Amino acid sequence: MIFQSLDYLIFFASLLSVYFWLPARGQNLLVLAASYLFYGWIHPWYLILISITTIFDWGCALGMESATTPARRKLFCIISVSVNFIILGVFKYLGFFVENVTALLTAVHLMPSPVLLQIALPAGISFFTFQSVAYAIDVYRGQQRACRSLIEYATFAAFFPQLVAGPIERAGHMLPQYRATRRPSLTTVRSGLVLFLWGLFQKLAIADSAAILVNKVFAVGDASFPVLWGGVIAFGVQIYADFSGYTAMARGSARIIGIELCPNFNHPYISQSPSEFWRRWHMSLGKWFKEYVFIPLGGSRGGAWLTARNLMIVFFLSGLWHGAGWNFILWGLFHGVLLCLWPHLTRLCPVFGTAGGKAGIVFRVVFTFAIMHVGRVLFREQDLAMIWRHLTLNPFATTLMDWRVGMGILFEAVLYGLPLTLIYPLIEHYRLLPAADDAKMQTWKWTWAQAALAALLIFGLLALRSPETGDFIYFQF
Amino acid sequence: MMQLLCVGVAALAIPTALSHNEWLEKRLRLREPKLKSVMRASAGIQDAAGGRARLRQERPEWILVGNSMLNCRVDNAELEALTGHQLYKLSFSGTKSAMWYLMLKTIVVPSGVKPKVVTIMFRDRDLTRPTVRVIDNAEMIGRLDGRALPEWQQVLGAYEASLTSPWTKLTTRLGNGFDTLMPSTKWNEWARNKVQKTAFNLSAFGDNSDYPVRREQRNDLLSMNHLRKSSDGADNAEDDEADKKDTEPPIRFDSSPDQSFLPHMVKLAQQAGFKLHFHRIKTNPDMTPPMDEVQRTRVAYLADLKAWVEAQGCYFTDESGEPEITGRMFVDTIHIHTAPENRQAYQKIFWRQVQPLIDELMRNAGAAPKTAP
């Protein structure tokens, strides 16, 4: 089931019709059943996988807490984390691994014919696996008490709004919310509804419109420099609106039922450096890698070389997390190198740091935007030969028509993406969609402002929605 | 609660009022959107009535029916000049046999234009796979008044019923309800065109006099002619699915009227008094799989198809053995490059293939059918 379908609307309305009448335990049970229906709608056999891992992780956490010796505690943690990673490895990476090994053996004539292993990838496996791993580590570290109730834990592990594409939540943030009966105020429900609409608008009007341009540009084999880069910028608009739209819909749905999810984006395209970009883009994944990989490896405490090593490991894993493909690995390494080199760049040329006043800020924002979009080529293009072609295109070997077409694509994508830079800052500035009860939103003035925003989004959706819609990009991860 | 209601009512009432506002519609000159098409559809035809009017205007003696394979291969004016016959290319991209039947049934026959020959350009098993592209073309089927036909129900009734579960019916009704409440197709067409035109204006840096030319050039730069060799043209998901089934032998030809629209096409041609000619295209030889057991059964299927078609008094030609149609002419598995010299070269080959048959049929229109030369 996808958010932008009538199926979801009916599903969610049916859930709400019962939800608010139930006590906390009943609400959890209902949300759990709804989450399994939501996930099983995509493919029923996914339920087997998620229910087994849920019971296993829940049991391991209890085992950790009741372990009498630190060694046993560690053992339970290792088992839980390993099983999660083995499942992730089998479903996500085994095919890639076998394909590459057989290709290598075939190339040196050690294997007569290539072996193809096709395993269906369960939607959102990378998200819920990482969430479960975080829970196991938190319990091991003593930062989180093991959840006694299987229903509560299973609700946390399979919570439908964020199950397939995040945000990757921490148990410490979510489990306490499941313990109390949820009776969100009407202003919170209103805020959730409009937040959902904002996400829907981002997906259907912005992301899917940009996707039409992107798909065309990346389908042609001889795109010139301006056409390709017009398409890459369009992809930047698409992926941001797509993922941010999903997150808004997830947060909106959760808010309506009284659960608050963490934000995942904070205006990433105004970042002044790659490291700032990663603090603003897919924040929940960034925090996960920082907390469970970067800091345990030593973080930035061990000097320049160790920091660089740790960054490279983090971004290599981040690339691999996104997908089993060489392009994703290259994408991760590209960002790792960028983060390692950036401090040196700021020393060599202070304008990359904090110098230059307002002009310096504009320069850094534009430069960061541009350099992050070089990475987008690696992210979008899976064929390594084509990546090489794209990155070595000569900007001067083009015609005026190429430039006009490329600029046309770029402007079209930017026009579709304008609401991201116009509407969203207004929502934030006036705090039109507060997470909790806000006295301001109970006044009629702000109620009408919210109503106007909702009407604008619905009409915008009708007028600008793309004729074609597809899955969210991050579903594949 | 009052405030929540206000937000809800305003959020629905304002867009509803806007989408029903005739004054705004007139002021902004909103129009019904054009028929969705993967590539270029038959110019000006939006529905069955429009198609009939167009045929009455053109009064062709030879009609070619097909999809993007026909679109990229044949240019109406060029082929007309080459053949000397007055022809009309009735083609919509993304269509398959079910829609071709509807074109004959609801456009060609009721138009009153009596063509001497109707040629259907198809690929491999297109003629006996009625379900392919039916979902994609739901809107077009509606515009061609398809579902009410008894033969439609005979061939596709069970298939379509299997797609419409009670849940699907519920969501469809809800979707239709939304559409009635907030009819937005005109607004959607208007707003998206505005965005595209503004982008074009901005990229022209003030000089937008050549907008149509640039739009055409942009479409060409991003067209199938420039597709990567590894990708398969347009949105071919259903075709791909059908092709996968083709890898499972045995492939048998079935002429029963509840299995495909082929017998219905033949019957329609007999009743309307035009000659029906089926032309099988050659697919990209560089991307055609080697001869194996499956391919051998496909050869048998095609032989049965040809024999059956000819036994019904129709005509069958096949360009798949034509050595001059090489892989270099193609942009993917089935579409050829639409550069004029490439298309003209193809048209010459095509005409060489079908000329004896078409010329004879044109001469003897109305006479008893003969075997294809």
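The values are calculated or read from the model by the stated rules, or taken from the named source; none is laboratory data. Computed from a predicted structure; not experimentally measured. Every residue, glycine as well, gets a Cβ built from its backbone with ideal geometry; the counts of neighbours run over all protein chains shown. Surface accessibility is based on the protein's heavy atoms, side chains included, excluding ligands, DNA and RNA. Shrake-Rupley method; radii C 1.70, N 1.55, O 1.52, S 1.80 Å.
Residues of segment A:396-412 that are open to solvent by 40 Å² or more (accessible area, probe 1.4 Å) and at pLDDT below 90: A:396, A:397, A:399, A:400, A:401, A:403. Would you confirm whether any residue within segment A:376-385 is more than 10 Å from chain B (Cβ to nearest Cβ), within 24 Å of the chain's Cα centre (by Cα) and in a loop (DSSP other than H, G, I, E, B)? Yes, because at least one residue in segment A:376-385 is more than 10 Å from chain B (Cβ to nearest Cβ), within 24 Å of the chain's Cα centre (by Cα) and in a loop (DSSP other than H, G, I, E, B).
Taking residues in segment A:211-224 that are at the interface with chain B (Cβ under 9 Å from one of its Cβ atoms) and within 14 Å of residue B:218 (Cα to Cα), and partners anywhere that are open to solvent by less than 10 Å² (accessible area, probe 1.4 Å) and not in a helix (DSSP H, G or I), the pairs with Cβ atoms closer than 8 Å and at least 6 places apart or on different chains are A:217/A:223. Taking the criterion of being within 22 Å of residue B:262 (Cβ to Cβ), open to solvent by less than 30 Å² (accessible area, probe 1.4 Å) and part of a helix (DSSP H, G or I), the residues of segment B:296-349 that qualify are B:297, B:301, B:302, B:305, B:309. If you go through segment B:142-151 and pick out every residue that is hydrophobic (A, V, I, L, M, F, W, C) and over 17 Å from the mean Cα position of the chain (by Cα), you end up with 2.
The requirement of being away from every other protein chain (no Cβ under 14 Å), in a helix (DSSP H, G or I) and of a type outside the set (Gly, Ala, Ser) is fulfilled nowhere in segment A:1-11; no residue meets it. List pairs: first in segment B:151-174 and within 14 Å of chain A (Cβ to nearest Cβ), second open to solvent by less than 90 Å² (accessible area, probe 1.4 Å) and of a type in the set (Gly, Ala, Ser), Cβ under 9 Å, 6+ apart or cross-chain? Correct list of pairs: B:171/A:5.
Kindly indicate which of A:29, A:22 is open to solvent by 70 Å² or more (accessible area, probe 1.4 Å) and in contact with a helix residue (DSSP H, G or I) (Cβ under 7 Å, 6 or more places away or on another chain). Before the answer, list the steps.
Values: A:22 fails: open to solvent by 70 Å² or more (accessible area, probe 1.4 Å).
Unique residue meeting the criteria: A:29.
Per the conditions (1) in contact with a Ser or Thr (Cβ under 8 Å, 6 or more places away or on another chain); (2) closer than 30 Å to residue A:458 by Cβ, the sole criterion not satisfied by residue B:174 is (1).
For first residues located in segment B:298-319 and touching a residue at least 24 places away in the same chain (Cβ under 8 Å) and under 12 Å from residue B:128 (Cα atoms), partners that are of a type in the set (D, E, K, R) and open to solvent by 10 Å² or more (accessible area, probe 1.4 Å) and lie 6+ apart or on another chain with Cβ distances below 7 Å form the pairs B:301/B:125; B:301/B:252. Before we move on, is residue A:250 touching a helix residue (DSSP H, G or I) at 6+ places or on another chain (Cβ under 6 Å) and at pLDDT 90 or above? It is true that residue A:250 is touching a helix residue (DSSP H, G or I) at 6+ places or on another chain (Cβ under 6 Å) and at pLDDT 90 or above.
When you go through A:314, A:337 one by one, which is the residue that is in a helix (DSSP H, G or I), in contact (Cβ under 8 Å) with a residue 12 or more places away in the chain, farther than 23 Å from residue A:211 by Cα and open to solvent by less than 30 Å² (accessible area, probe 1.4 Å)? Among A:314, A:337, only A:314 is in a helix (DSSP H, G or I), in contact (Cβ under 8 Å) with a residue 12 or more places away in the chain, farther than 23 Å from residue A:211 by Cα and open to solvent by less than 30 Å² (accessible area, probe 1.4 Å). I'm told residue B:102 meets every condition in (1) within 14 Å of another protein chain (Cβ to nearest Cβ); (2) open to solvent by less than 10 Å² (accessible area, probe 1.4 Å); (3) of a type outside the set (S, T, N, Q) except one. Can you identify the failing condition by its number? For residue B:102, the exception is condition (1).
Would you say residue A:248 is in a helix (DSSP H, G or I) and either under 30 Å from residue A:11 (Cβ atoms) or open to solvent by 20 Å² or more (accessible area, probe 1.4 Å) (or both)? Yes. Residue check: residue A:49 meets all listed conditions (1) open to solvent by less than 40 Å² (accessible area, probe 1.4 Å); (2) in contact with a Cys (Cβ under 9 Å, 6 or more places away or on another chain); (3) among the aliphatic types (A, V, I, L, M) but one, namely (2). When segment A:403-438 is limited to residues that are of a type in the set (Gly, Ala, Ser) and not in a loop (DSSP other than H, G, I, E, B), the one that is nearest to the other protein chains (Cβ to nearest Cβ) turns out to be A:408. Filtering segment B:95-151 to residues that are more than 26 Å from residue B:313 (Cβ to Cβ) and of a type in the set (Asp, Glu) leaves B:136, B:139, B:145. When we screen A:235, A:289 for residues that are more than 14 Å from every other protein chain (Cβ to nearest Cβ) and closer than 30 Å to residue A:402 by Cβ, the only hit is A:235. With a requirement of 1 or more residues that are modelled with pLDDT of 90 or more, the helices (runs of 4 or more DSSP H) lying completely within segment B:1-93 that satisfy it span B:48-58, B:68-73, B:76-83.
Whether any residue in segment A:175-186 is open to solvent by less than 10 Å² (accessible area, probe 1.4 Å), of a type in the set (Phe, Trp, Tyr), part of a helix (DSSP H, G or I) and modelled with pLDDT of 90 or more is what I want to check. Looking for residues that are open to solvent by less than 10 Å² (accessible area, probe 1.4 Å), of a type in the set (Phe, Trp, Tyr), part of a helix (DSSP H, G or I) and modelled with pLDDT of 90 or more, one finds at least one in segment A:175-186, hence yes.
Based on what the data block shows, is residue B:180 more than 30 Å from residue A:222 (Cα to Cα), at pLDDT 80 or above and more than 9 Å from chain A (Cβ to nearest Cβ)? So residue B:180 fits the description; yes. Remark: pairs (first residue in segment A:369-398, of a type in the set (S, T, N, Q); second residue surrounded by 15 or more Cβ atoms within 10 Å (Cβ to Cβ) and in a helix (DSSP H, G or I); Cβ separation under 7 Å; 6+ apart in sequence or on different chains) = A:382/A:327; A:394/A:225; A:398/A:225; A:398/A:226. Scan segment A:441-451 and give yes if some residue there is more than 12 Å from chain B (Cβ to nearest Cβ) and either hydrophobic (A, V, I, L, M, F, W, C) or open to solvent by 20 Å² or more (accessible area, probe 1.4 Å) (or both), otherwise no. No, segment A:441-451 contains no residue that is more than 12 Å from chain B (Cβ to nearest Cβ) and either hydrophobic (A, V, I, L, M, F, W, C) or open to solvent by 20 Å² or more (accessible area, probe 1.4 Å) (or both).
Condition test on residue A:298, is it at positive phi and out of contact with any strand residue (DSSP E or B) (no Cβ under 8 Å at 6 or more places or on another chain)? Spell out the reasoning first.
Working: at positive phi: yes; out of contact with any strand residue (DSSP E or B) (no Cβ under 8 Å at 6 or more places or on another chain): yes.
Answer is yes for this residue.
Listed here are the helices (runs of 4 or more DSSP H) enclosed by segment A:52-146 that have at least 1 residues being among the β-branched types (Val, Ile, Thr), at negative phi and open to solvent by 70 Å² or more (accessible area, probe 1.4 Å): A:70-88. Taking the condition in a helix (DSSP H, G or I) and either within 11 Å of chain A (Cβ to nearest Cβ) or at pLDDT below 90 (or both), does residue B:270 pass? Against the criterion (in a helix (DSSP H, G or I) and either within 11 Å of chain A (Cβ to nearest Cβ) or at pLDDT below 90 (or both)), residue B:270 does not qualify.
Would a scan of segment A:320-334 turn up a residue that is among the polar types (S, T, N, Q), open to solvent by 30 Å² or more (accessible area, probe 1.4 Å) and in a helix (DSSP H, G or I)? Checked segment A:320-334: no residue is among the polar types (S, T, N, Q), open to solvent by 30 Å² or more (accessible area, probe 1.4 Å) and in a helix (DSSP H, G or I). Only a single criterion out of (1) more than 22 Å from residue B:357 (Cβ to Cβ); (2) over 12 Å from the mean Cα position of the chain (by Cα); (3) outside any helix (DSSP H, G or I) is not satisfied by residue B:139, namely (3).
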